[in-house]
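Working notes for the structure below.
The values are calculated or read from the model by the stated rules, or taken from the named source; none is laboratory data. Quick caveat, the model's predicted, so the values are computed rather than measured. Don't worry about glycine lacking a Cβ; one is built from the backbone with ideal geometry, like all the others, and counts go over all protein chains shown.
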Amino acid sequence: MKKIDFVYEIEKHEDFFYSQLSERGKRQYAGLEAMKLGYNGVKIISKRFGLHNHTVRKGKKELLQEELPPANRIRLKGGGRKKNVCNKRFD
């Protein structure tokens with residue numbers, strides 16, 4: 001097996017693994033890969049996965065803080081789109 005074929009196989013499996021992650025997992029995985037690459041890692045990984053540089057940096061920051069995420073939650077409580085509530089009464 002040539003080195004080029006091996007790299008292609010690894011990238012194929014990496015893409016599949018990445019597609020199965022939640023938002024937080026994708027962000028943190030991208031941050032981990034950027035830390036492995038060191039200098040210029042954020043730029044390389046953001047292009048590789050199609051993420052914004054700030055997203056990769058946020059993933060790195062989350063990993064360095066080593067805080068456990070809330071159980072069974074992807075977003076923090078109160079995150080996401082707010083419900084459209086209309087308090088007007090129609091008479």
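The table that follows gives values for the structure above.
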{"read-out": "Matching helices (runs of 4 or more DSSP H) fully within the range 1-57 where at least 3 residues are modelled with pLDDT of 90 or more", "value": "23-37, 41-49"}
{"read-out": "Residue list for the range 19-57, restricted to those being farther than 22 Å from Glu67 by Cβ and either among the aromatic types (Phe, Trp, Tyr) or in contact with a strand residue (DSSP E or B) (Cβ under 6 Å, 6 or more places away or on another chain) (or both)", "value": "Tyr39, Phe49"}
{"read-out": "Residue in the range 83-91 that is at pLDDT below 75 and of a type in the set (Asp, Glu) present", "value": "yes"}
